[in-house]
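Working notes for the structure below.
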Amino acid sequence: MNNQSITALKGVGDAISKRLARLGIITIGELLEHFPRRYEDRSTQCKISQIRPGGVAAFTAVVEKGELQFVRGKSIARLWVRDETGLAVLVWFNQPYRTKTWKVGDRVLVYGKAIWFRDCIQIESPEVENESAQDSFNTARIVPIYPLTQGVAARVMRKLIAAALQSVEVLHETIPSDIRKKYGLITRDSALREIHFPTDWQQMKQAKRRIVFEELFYLQCALVYLRNQRLNERRSFQHAADSDKVQRLLELLPFDLTNDQIEAYAEIRKDMESDKPMHRLLQGDVGSGKTAVALLALVKTVENGLQGIMMAPTEILAEQHFQYCSELLFRVGVRSALLTGRVKGRTRNELLAQVKAGEIDVLFGTHALLQPDVLFLNTGLIVVDEQHRFGVNQRAILQGKGEVPHTMVMSATPIPRTMALTLYGDLDISTIRQLPPGRKPVVTVVRSGDAAREKVYRYLAMEVKSGRQGYVVCPLIEESEKTEAQSALAVFNELTATLLNTVACGLLHGRMSAEDKETVMRKFVAGELGVLVSTTVIEVGINVPNATMMIIEDAERFGLAQLHQLRGRVGRGAEQSFCVLLQNPADGEVPERLKVLVETADGFAVAEKDLIIRGPGQFLGYRQHGLPEIKMANLADDAGLLVEAHEAGIALMKDPKEVNAVLPYLKHRFERFFGVLFAG
Ligand code: ADP
Ligand code: MG
């Protein structure tokens, strides 16, 4: 990395460097890693006579005449240019200097969008460059299109990056040459030059491949390093084989575990019975019964004289875990408690004292558990639910609450294998694929039009009359929580005045105070409310088995994974449940996403489809919390590359000499993301 400030470049003063800082560009190295978002092929030249209005054109011509006109105080600069086939006029509004830049007889390269105006081809605000200029960055080539910021125009950005490339003779190589050879990667020097100003598409692809590989490779190295460090250098408490308490819990559970649950627990048990710290992801579709598996592991650690911690992303969820588990725990002689932001003052102090003294065996809670004064006597196991809602660093803080605790994280959003490699390269994975028996798959339908909508709500009212409950999810509105809340309120008002006027309804949205949210949620859980009208705030893990109907307004606005999560709120009891996707406008074609939901109930299949439909960038973004941004890696195209990078990372990190050589670089590169882990 070139850590020289960009102000070392010619023409970069205070003003520009401040603007570039907004894009996170301080050093020349960072400027060089400001990659194009896309490219425009301006290399194919045509003759003026071949230009079609409405299309873009690139051509070479000679300046014939310039003219500056003023209309109502505004200037129009025109430049007539000609080649052997015809005449074209270039036009700029309010840029009077344009006519002065060029002299009659100059040979210029032109690129821009053509229109037909007064019997002549006219090009508005074109890019124009001198044909004899040494380097052309804006015309007559494949031109990079960059993310920009106010005050840094596209052509300025290109010039700066070209200057940065020129300022360094040969760019520092970061991948060992044998790895480069093995995977057919071009040098970093040519990759960076070609990614910005490609000679042709082929070279651009090679450059991209190399850069993506590098990103993935070092991420894999970091993950492998963390994993090795954990396995080789740190010792965790070695649990004894299962005994009375675990046995008793198994007997107390009101159901038999599914085979997948048994297997997942067996993997966890095995990890805990070794002295290598467990670091395991338990993934399973919504309702697959992850909590029971976590509970067994928590009891196991208590049976070994240690404490367990279970963290959830919301108060409601933490509370629900506590309610579900504390009774069972009590009956096997395990003392548990709940710590959320609501626990304050003396109660909190007393609770913390008990925890520290080891008088509480299992502590449930939210982020509140992360506070520095929450101390334990001896932590054996940490469980993090809905782990994608937390960052890597939060996980690390929690791990710091024990000597070297075993850790398990849970997620209801199954991750395709290639993704799992990148995101969770440092985790082992257990998967619950099968749902508990007797579950009826949620019947999912798409409906549209007012008549159908009315029928759906009448059905919901009937379900409520016969003692069931339902959710209505309001349209997703991207702009703001405020407008989203307003739309939820509007839907609530409409429904309670009309179709649901005989039903007890509650409203839930992100603009309500935490307390109001809790109150509504609690009433719904207690069955005092028949219908919960809500924004997507109900997405996360709530379990109300009596709820059998989920109606999603304007379903086409939601993403596939999100719809699947929402649908997972129903179908949790023995009754048949329904999910109605209301589509708007009525005459639109049913989008692929909605079809997928109608056809499949399997979260894994949904996740794979989601990856294909949305593309990996967004898929990653969704649960990327706390992981390094992968700037370039398009994993759908690059699944093979990911596997190669993974393999290369593992190979490199096997050699202690290489590890020592690469470690400072890894620390530097990932310090922001893995700081706590690397330090530990
Ligand atoms: P999730 O994996 O989404 O966290 P939960 O752990 O909340 O799912 O379980 C969902 C529901 O399934 C709970 O009501 C739980 O009691 C029930 N459950 C879990 N395991 C089984 C099983 N093996 N048989 C029957 N019901 C089960
Ligand atoms: Mg859960």
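Computed values, structure above
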read-out: Pair list, Cβ < 9 Å and 6+ apart or interchain, from the range 241-268 residues that are under 26 Å from His279 (Cβ atoms) to residues that are more than 16 Å from ligand 1 (Cβ to nearest atom) and of a type in the set (Val, Ile, Thr); value: Lys245/Val302; Lys245/Val332; Lys245/Val334; Val246/Val332; Leu249/Val332; Leu249/Val334
read-out: Filtered residue count, the range 332-348, keeping only those that are under 19 Å from Glu315 (Cα atoms) and part of a helix (DSSP H, G or I); value: 3
read-out: Residues being in a helix (DSSP H, G or I) and either among the basic types (Lys, Arg) or surrounded by fewer than 17 Cβ atoms within 10 Å (Cβ to Cβ) (or both) - total across the range 14-33; value: 6
read-out: Odd one out for Arg335, checked against (1) free of Cβ contacts under 8 Å to residues at least 60 places away in the same chain; (2) within 26 Å of Asp242 (Cβ to Cβ); (3) in contact with a strand residue (DSSP E or B) (Cβ under 6 Å, 6 or more places away or on another chain); value: (3)
read-out: Close pairs (6 angstrom Cβ cut-off, 6 or more residues apart or separate chains): more than 10 Å from Ile432 (Cβ to Cβ) and among the β-branched types (Val, Ile, Thr) in the range 284-295, more than 9 Å from ligand 2 (Cβ to nearest atom) and part of a strand (DSSP E or B) anywhere; value: none
read-out: Any hit, the range 336-350, residues being within 16 Å of ligand 1 (Cβ to nearest atom) and surrounded by fewer than 21 Cβ atoms within 10 Å (Cβ to Cβ); value: no
read-out: Scan of the range 527-547 for residues that are within 16 Å of ligand 1 (Cβ to nearest atom) and either in contact with a Phe, Trp or Tyr (Cβ under 7 Å, 6 or more places away or on another chain) or among the small types (Gly, Ala, Ser) (or both), ordered by number; value: Gly527, Ile538, Gly541, Val544, Ala547
read-out: Subset of the range 429-470 that is assigned to a strand (DSSP E or B) and within 16 Å of ligand 1 (Cβ to nearest atom) - its residue that is surrounded by the fewest Cβ atoms within 10 Å (Cβ to Cβ); value: Ile429
read-out: Residue list for the range 290-315, filter: within 13 Å of ligand 1 (Cβ to nearest atom), within 25 Å of the chain's Cα centre (by Cα) and over 14 Å from Ser336 (Cβ atoms); value: Lys290, Pro313
read-out: Residue ID - surrounded by the fewest Cβ atoms within 10 Å (Cβ to Cβ), chosen from residues in the range 141-181 that are in contact (Cβ under 8 Å) with a residue 12 or more places away in the chain and among the polar types (S, T, N, Q); value: Gln150
read-out: Condition met for Asp285 (in contact with a Phe, Trp or Tyr (Cβ under 8 Å, 6 or more places away or on another chain), more than 16 Å from ligand 2 (Cβ to nearest atom) and at pLDDT below 95); value: no
read-out: Number of positions in the range 249-282 that are within 16 Å of ligand 2 (Cβ to nearest atom), in a loop (DSSP other than H, G, I, E, B) and of a type in the set (A, V, I, L, M, F, W, C); value: 3
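The values are calculated or read from the model by the stated rules, or taken from the named source; none is laboratory data. This is a predicted model, so every value here is computed, not measured. Neighbour counts run over all protein chains shown; Cβ positions are idealised from the backbone, glycine included.
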